[in-house]
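Chemist: The structure follows.
The values are calculated or read from the model by the stated rules, or taken from the named source; none is laboratory data. Remember, predicted model here, so these are calculated numbers, not experimental data. All Cβ positions, even for glycine, are placed from backbone atoms using ideal geometry, and neighbour counts span all protein chains on display. Accessible surface areas use protein heavy atoms only, side chains included; no ligands, DNA or RNA. Shrake-Rupley method; radii C 1.70, N 1.55, O 1.52, S 1.80 Å.
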Amino acid sequence: DPAQPAPLPRLGAKLSVDAKLSHMLRRLSRACVDGDDVWRHSPHAALPQLAPALVSLTETLARSDGRPARRAMRRAPLRVLREHWAAIGPPPRSDGSIGRLLAALGFESSRNGGGNIGAVMERLGLDGDARGGDEDVGLALEFLAYLCVRLGGEALGDFASAAQSSAGKRTGFGVGAAGHMWGHVDAHIGVVAEKFDALAHVKATGDDSWQQRVGMCSLIVAFHAAKAPGNANPGDVLTKTGALRALCVAFTAPDNAAAPHSEALRRAVLLVAAAAPEAVEFVVAVPGVRSEVESRDEFRGTEGSLAAHGAMWELLLPAPGTSREDAERSCATRLAPLLDPRRGGVGGGGSSNALGFLRAAQTAARGATPLWRRGGAIDGVLRDALTHLAATVSAGGGGGG
């Protein structure tokens, strides 16, 4: 009957399956699979536990090169896994899950063919032209950076992120969640450095995607430096892999060092310098780094929006010929008003942010030589700040009834 509407076209079998799978995965979230029992116990003896099943699902979806709609679904299980591991801590390196996920995204070095990762990808039958593309690199960096911030936020000067994850509490390297995460980051730091170096030399400072990826690389590098175990040499690794060079190149990109979007980059350069004093020699040799922190108003004095950074650079990058005691005094003089709770701090951050940043630098400098001397000028400023803070809290509590 010509008056009847034409029937809707029937989906092919593949498209129908993909549509149903997409409908289901769009509703997948960690809230749907919350609870230890869901993750620890398989619903059937013949089925894998949930985490290995989601890892395998990610690999399968990433393998769907000829079906872009299906391949796009790899984001869903990847997101659930990262949120789960951020809450309870990642598996140890020996488990292989994180390595498999990054391999599925083609997160490998282009300099040496990917090594073991390339072999894994070949075994999975993934097309090198599809995997490891720009979108996959972004997913891999986001995955690593997310876990670094959630599990190591306190070491990066970000107490809020650390407080959201009980797994972030370190109980000793090799035992705590951050220790396990450091092992994963260390295994892939060469690839991160390679991607970071390529990004940094583009210097597309006005591009949002460039800013975000530089920020993610910076967070990963900062985590590697700040959370390295005592027997590691992060300065040597970050120098040899090119990560430190990439940090400096991005830092000296036009108008980037003081830009609002560059906080992760600024902290990374500082924490690497604090964690590995030998890295300071490299930083000093890079044209433009010293001039950025010495000449820009944002870093100078106690009124600039980045005054806390500027104060720390007085300690880590002192003027030639400055003694250690004089460098500490210069840093302490600039820190004192920033740590005064009565003043409120600069840039809306307050004294708590300055204290968190100072503690992050001190934690990163965990070697035999402390970042500042016990009983020196900086200790005095910290003691005064805590005294003022205690007095402020006491005065506030005295008005209760």
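Chemist: Looking at the range 231-251 only, could you name the residues that are more than 14 Å from Phe282 (Cα to Cα) and touching a residue at least 12 places away in the same chain (Cβ under 8 Å)?
Modeler: Across the range 231-251, the qualifying residues are Ala232, Asn233, Ala250.
Chemist: Only one of (1) among the charged types (D, E, K, R); (2) buried (at least 18 other Cβ atoms within 10 Å of the Cβ); (3) in a loop (DSSP other than H, G, I, E, B) is not met by Asp255, so which one is it?
Modeler: (2)
Chemist: For the range 350-401, what are the residues that are assigned to a loop (DSSP other than H, G, I, E, B), at pLDDT 80 or above and over 26 Å from Val272 (Cβ atoms)?
Modeler: Matches in the range 350-401: Gly375 only.
Chemist: Considering only the range 295-328, how many residues are touching a helix residue (DSSP H, G or I) at 6+ places or on another chain (Cβ under 8 Å), of a type outside the set (A, V, I, L, M, F, W, C) and under 26 Å from Thr369 (Cα atoms)?
Modeler: Qualifying residue count, the range 295-328: 7.
Chemist: Considering each residue of the range 292-313, count those that are open to solvent by 60 Å² or more (accessible area, probe 1.4 Å), without any contact (Cβ under 8 Å) to a residue 40 or more places away in the chain and either part of a loop (DSSP other than H, G, I, E, B) or among the acidic types (Asp, Glu) (or both), and give that number.
Modeler: Selection size over the range 292-313: 3.
Chemist: Kindly evaluate Pro77 against the criterion of being of a type outside the set (A, V, I, L, M), over 17 Å from Leu141 (Cα atoms), at pLDDT 85 or above and under 27 Å from the mean Cα position of the chain (by Cα).
Modeler: no
Chemist: Residues Val249, Val280, Val289: which one is open to solvent by 20 Å² or more (accessible area, probe 1.4 Å) and either within 24 Å of Gly206 (Cβ to Cβ) or under 16 Å from the mean Cα position of the chain (by Cα) (or both)?
Modeler: Sole residue among the options that is open to solvent by 20 Å² or more (accessible area, probe 1.4 Å) and either within 24 Å of Gly206 (Cβ to Cβ) or under 16 Å from the mean Cα position of the chain (by Cα) (or both): Val249.
Chemist: Report yes if Glu83 is of a type outside the set (A, V, I, L, M), in contact (Cβ under 8 Å) with a residue 40 or more places away in the chain, part of a helix (DSSP H, G or I) and closer than 19 Å to Glu135 by Cβ, otherwise no.
Modeler: no
Chemist: Please find, within the range 181-236, the residue that is nearest to Asp255 (Cα to Cα) out of those that are open to solvent by 10 Å² or more (accessible area, probe 1.4 Å), among the β-branched types (Val, Ile, Thr) and in a helix (DSSP H, G or I).
Modeler: If we take residues in the range 181-236 being open to solvent by 10 Å² or more (accessible area, probe 1.4 Å), among the β-branched types (Val, Ile, Thr) and in a helix (DSSP H, G or I), then Val202 is nearest to Asp255 (Cα to Cα).
Chemist: May I ask you to list the residues in the range 140-156 that are open to solvent by less than 10 Å² (accessible area, probe 1.4 Å) and over 11 Å from the mean Cα position of the chain (by Cα)?
Modeler: Correct list: Ala140 only.
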